[in-house]
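Student: Here it is, the structure, as structure tokens.
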Amino acid sequence: MRHKKKLIVSDAAPLIQLALSHHLHILPSIYDMIIPEGVFEETQHYRDLSDAMEIAKAAMTWLKVGVVQNRKEVKYLMKQKLGKGEAEAIVLCREIRAHALLTSDKYAASKAEAFGLRTMNIADVVREAHNAKIMTTQDILSLLDTLVNQSILDTQYIRQLREEAERWPYRK
């Protein structure tokens, strides 16, 4: 029996970061992914770049693009200094009762959590990919190095995850 994947709504930044590091493909092996139209538009701002092309290709296969119904709530969140994509992602997450919001933005995460939503970041994705045996410890260390070395994502949680991952058993 195949167990049901968690439904995750994503903000633009984690998709772009994973596409830039050539790891966007890990998402559909763990989750059912959906993004609002505003997030898709943000990822396509520079549509000739490889990350935008990779995300556009994903949107034709496994990455669903959804429509947010509550525009009033989106406007309210945008007045609270959230971008359109972040505001739409939070509202869509609530509307479809997704498992969590995937975001790299601490402010957006705090706003989502204030609404009672679960949030996750790339470190959480990487841990789940490792636990599901989708990525080996070596794959993870390589991804984390890419995120930091190419200045795609250089945050404290990525550095902490790298230290943690070095102690994980190697899995083929």
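Student: Return the pairs, sorted by first residue and then second, in which the second residue is charged (D, E, K, R) and not in a helix (DSSP H, G or I), the first residue lies in the stretch 120-134 and is closer than 18 Å to Asp32 by Cβ, the beta carbons are less than 9 Å apart, and the residues are 6+ apart or on different chains.
Tutor: These pairs meet every condition: Glu128/Lys6.
Student: I'd like to check something: does the stretch 47-58 contain any residue that is surrounded by 15 or more Cβ atoms within 10 Å (Cβ to Cβ) and among the polar types (S, T, N, Q)?
Tutor: no
To keep it simple, each residue is scored yes or no on (1) of a type in the set (A, V, I, L, M, F, W, C); (2) within 11 Å of Ser10 (Cα to Cα); (3) in contact with a His (Cβ under 6 Å, 6 or more places away or on another chain).
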{"position": "Leu63", "(1), (2), (3)": "yes, yes, no"}
{"position": "Val67", "(1), (2), (3)": "yes, no, no"}
{"position": "Arg71", "(1), (2), (3)": "no, no, no"}
{"position": "Gly83", "(1), (2), (3)": "no, no, no"}
{"position": "Val91", "(1), (2), (3)": "yes, no, no"}
{"position": "Glu95", "(1), (2), (3)": "no, no, no"}
{"position": "Ala98", "(1), (2), (3)": "yes, yes, no"}
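Student: Still on this structure: Looking at Val39, Val9, can you tell me which residue is touching a strand residue (DSSP E or B) at 6+ places or on another chain (Cβ under 6 Å), under 29 Å from Ser142 (Cα atoms) and either among the β-branched types (Val, Ile, Thr) or surrounded by 23 or more Cβ atoms within 10 Å (Cβ to Cβ) (or both)?
Tutor: Val9
Student: Just to be sure, is Arg118 basic (Lys, Arg), modelled with pLDDT of 95 or more and closer than 30 Å to Trp168 by Cα?
Tutor: Answer is yes for this residue.
Student: Moving on to the next point. What number goes with the only condition from (1) under 13 Å from the mean Cα position of the chain (by Cα); (2) modelled with pLDDT of 95 or more that Ala123 does not pass?
Tutor: (2)
The values are calculated or read from the model by the stated rules, or taken from the named source; none is laboratory data. Here the structure is a predicted model, which is why all the values come from computation and not from measurement. When we count neighbours, we look across all protein chains shown, and the Cβ atoms used for this are built from the backbone with ideal geometry, even at glycine.
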